[in-house]
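The values are calculated or read from the model by the stated rules, or taken from the named source; none is laboratory data. Treat the numbers as computed from the prediction; the structure is a model and nothing was measured. Because the Cβ atoms are built from the backbone with ideal geometry, glycine has one as well, and the counts that use them run over all protein chains shown.
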Amino acid sequence: MTIDPSPFDLTDLNRQFPLKDSITNRDITNLGDLISVLIPYIFGITGFILLLMIVFSGFQILTSAGNPKAMEAGQKRLVNAIIGFVIIFLSYWIVKLVGQMLGIESITNIFGN
């Protein structure tokens, strides 16, 4: 009896198309390794988008010129950006905490800490 490999096992794909983590120079052999490589970039991109949202909403509030609809739209965008920041911040710490609790070294060292 043979057991089928996990659908998350990328070993065969890695033989055909070698994937390496450019920072640690490790082979990416499963989905967890791939996610570990992508997470810092995802957080960086979302942080940049968050910054743009805050700047744009502040600009919209400043240039509303007393128009209550424009002021309200800017305030809603700012509140949504702050909620997004809280979600990003909490997701970072939840990932770190779960990795620490489960003893998953690749998760706890995702951001080089």
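Could you look through the stretch 65-86, keep only residues that are loosely packed, with under 12 Cβ neighbours inside 10 Å and assigned to a helix (DSSP H, G or I), and pick out the one that is farthest from the chain's Cα centre (by Cα)?
Applying the filter and picking the extreme gives P68.
The conditions are (1) more than 18 Å from the chain's Cα centre (by Cα); (2) surrounded by fewer than 13 Cβ atoms within 10 Å (Cβ to Cβ); (3) among the hydroxyl-bearing types (S, T, Y); (4) at pLDDT 65 or above, and S6 fails exactly one of them. Which is it?
Every listed condition holds for S6 apart from (4).
How do the pairs read when you match residues in the stretch 30-56 that are in contact (Cβ under 8 Å) with a residue 40 or more places away in the chain with residues anywhere that are in a helix (DSSP H, G or I), using Cβ under 6 Å and keeping only pairs 6 or more apart or on different chains?
What qualifies is S36/S106; T46/I88.
Which condition number does M53 fail, the rest of (1) hydrophobic (A, V, I, L, M, F, W, C); (2) out of contact with any Lys or Arg (no Cβ under 9 Å at 6 or more places or on another chain); (3) modelled with pLDDT of 80 or more being met?
Only one criterion in (1) hydrophobic (A, V, I, L, M, F, W, C); (2) out of contact with any Lys or Arg (no Cβ under 9 Å at 6 or more places or on another chain); (3) modelled with pLDDT of 80 or more is unmet by M53, namely (2).
Quick one: count up the residues across the stretch 25-78 that are among the aliphatic types (A, V, I, L, M) and more than 20 Å from K96 (Cβ to Cβ).
14
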